[in-house]
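No value in this document is a laboratory result; all are computed from the given coordinates. On a predicted model such as this, the values are computed, not experimentally measured, just so you know. FYI the Cβ positions are ideal-geometry reconstructions off the backbone, even for glycines, and counts take in every protein chain you see.
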Amino acid sequence: MRYSQLFPKAKREAPKGAVTANHKLLVRAGFIDQLMAGSWTLLPMGWRVVTKINTIIREELDAIGCQEMLMPLMHPKEIWNETGRWESAAEVMYQLKDSRKKEFALSFTHEEIVMDLARKHVTSYRDLPLAVYHFSTKFRNETRPQGGILRGREFLMKDLYSLHASEADLVAFYEKVSEAYLQIFKRIGFDIYVTEAAGGVFTEGHTREFQVLAEVGEDTILIKPGTHEAYNKEIFAGEETKFEARRAIEVGNIFPFGDKKYAEKMGGYFRDKDGVKKLMHFASYGIGTTRVMGAVVEVYHDDKGIIWPESVAPYQVHLVTLENQEPGSRKQGEKVYTLLSGAGIEVLYDETQRSAGEKFADADLIGIPVRLVVSDKTRDRVEWKNRDEEGTEILEVDEVIRRLV
């Protein structure tokens, strides 16, 4: 991608009222744009980051036997009435009527929809276990959306749902998903604390959250000494002096429901091997993918801008030509761009006629892991600089390609 064609360009000033790093930097660097409070456009580079996050999630879930699909975002009131959540979750739901006075909700989650699918299509124990997921928009009536893209009224989420013939099978799969989540977050670049927490509008029992430490986090977690296990302060019942209290951002959560909250209320039955009618055991598992992008920026940034981990960076390299100093460097820059692109390397190529200071400032702000510079100093070679390091080195183009492929 040529920087001259990239939409939009980086900005010098942070948006008015921005407090958090993700709000300031993602807007300035051209990753997101705010339509209204709690509502964000993922601009081209922001979409590239979220797509890479989604790919990591998809790979790890598919590896444990989950199947991807896509469910509707507008739901009839009747299905929410079956579990009583049209009333009990009204505070977070967007509820509306059409021209025929029929009532609907915009999805803030999909438990009822999955249970409806299961009661239509699962009849026997042979159909279980079943694990299905999708990536979709969620709508939640947040009274104070804040923290940039960390908390919104409209956001992207991966939600996974599993159904089982027994509690033991649910528990085993629940742990399997928990391990998959740890692998997902490790690949993204997070140091995760697994936290016991309350279920909110989802379940009366305890749930498991996946938290990353950050001062802007809305949650306070109490960490067990010497471990990566913690309690959310909301449910903590111990002596706080024996635990370390830290602020954290929740990037994922998993909810065990058993067979009562949804299956019993909605008639989620199957026949066991003896032909006996039984209720399915149910669980759900969420990761807010746009929130993950914001959390990455909160964890990985400095006073110059974002520092993307390689796994989710919008491009692998940011190639810069300094043609003001040497007209021939543009020709060499084009050659390097062609070679890198031909090798399958993702390149953001700043070929604009601007000063070195402007180009370097934009490169630091955008935060792509590697900056490559072509100039009169490099001649037919390239200057390599890692975003999180000060030093540079001059390399042959072939060596650059070997490092990146």
### Message
Which one, Ala18, Gly38, Ser4, is farthest towards the positive end of the dipole of segment 1-47 when Lys and Arg carry +1 and Asp and Glu -1 on their Cβ?
### Response
Ser4
### Message
Straight-line reach only, C-alpha to C-alpha below 15 angstrom: list the aspartates and glutamates that Lys304 could link to, leaving out same-chain residues fewer than 8 apart.
### Response
Glu13, Glu358, Asp362, Asp364, Asp388, Glu389, Glu390
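Can you give the FRET efficiency for Lys277 and Lys176, using 1/(1 + (r/R0)^6), R0 = 22 Å, r = Cβ-Cβ distance, to the nearest 0.05? Intermediate values should be presented prior to the final figure.
Values: r = 27 Å, r/R0 = 1.24.
About 0.20, to the nearest 0.05.
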### Task
Specify which labelled value, from [x] 1.40; [y] 1.24; [z] 1.13, agrees with Cα Rg over 2.2 N^0.38 Å derived from the coordinates of the model shown.
[z]
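With a 10 Å Cβ neighbour count serving as the proxy for reagent exposure, in which order, fewest first, do Ser178, Ser329 appear? Intermediate results must be reported in sequence, preceding the final value.
On the way: Ser178 15, Ser329 22.
Least crowded to most crowded, the residues run Ser178, Ser329.
Report D for segment 1-151 in µm² per second (integer): Stokes-Einstein, Kirkwood Rh on Cα pairs, 25 °C, 0.890 mPa s.
Working: Rh = 18.6 Å.
D = 132 µm²/s.
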### Task
Please give every one of the lysines within straight-line cross-link reach of Lys101, meaning a C-alpha to C-alpha distance under 18 Å, and leave out same-chain neighbours fewer than 8 residues apart.
Lys77
### Query
Between segment 127-148 and segment 1-49, how many Å separate their Cα centres?
23 Å
### Query
Amide H to amide H under 5 Å from Leu319: which residues, 5+ apart in sequence or cross-chain, H placed 1.01 Å off N in plane?
Leu348, Tyr349, Asp350, Leu372
### Query
Mean shadow of segment 156-274, computed from the convex hull of its alpha carbons, in nm²?
9.4 nm²
### Summary
Checking segment 40-135 for trypsin sites (Lys or Arg not before Pro) in a loop per DSSP with at most 13 other beta-carbon atoms within 10 Å yields Arg100, Lys101, Lys102
### Query
Can you give the convex hull volume per residue for the Cα atoms of segment 308-363, as a whole number of Å³?
68 Å³
### Query
Can you give the relative contact order of the chain as a percent, counting alpha carbon pairs under 8 Å and 6+ residues apart?
16 percent
### Query
So for the pair Tyr269, Lys186, with labels modelled 7 Å out along Cα→Cβ, what separation do we get in nm?
4.4 nm
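Taking the Cα centre of the chain as origin and charging only Cβ (+1 Lys, Arg; -1 Asp, Glu), how large is the dipole, in debye to the nearest 20?
Numbers: 56 positive and 63 negative charges, 236 e Å.
The calculated dipole for the chain is roughly 1140 debye.
Calculate the tail of P(r) for segment 317-404: the fraction of all Cα-Cα distances greater than 19 Å, expressed in %.
When all Cα pairs of segment 317-404 are counted, 29 percent exceed 19 Å.
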### Query
What are the aspartates and glutamates whose alpha-carbon lies under 17 Å from the alpha-carbon of Lys278, with same-chain residues fewer than 8 places away excluded?
Asp116, Asp127, Glu167, Asp169, Asp259, Glu264
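Can you give the helix-only mean residue ellipticity at 222 nm for the chain, where every DSSP H stretch with n ≥ 4 adds -39500 (n - 2.57) and the sum goes over all residues, rounded to the nearest 500 deg cm²/dmol? Mind dumping the intermediate values first?
Details: 10 runs with 114 residues, N = 405.
Counting only the DSSP helices, I get -8500 deg cm²/dmol.
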### Query
Using θ = phi - 60° and the Karplus curve 6.51 cos²θ - 1.76 cosθ + 1.60, what whole-Hz ³J(HN,Hα) does each residue of segment 231-246 get, with Gly and Pro shown as x?
10, 5, 4, 4, 10, 5, 10, x, 8, 4, 5, 8, 10, 9, 8, 9
### Query
Size of segment 255-405 along its principal axes in angstrom, Cα-based, largest extent first?
80, 33, 24
### Query
Which whole DSSP H helices in the chain pass both tests: a Cα extent of 20 Å or more along the axis and a mean Kyte-Doolittle value no lower than -0.5?
44-62, 167-188
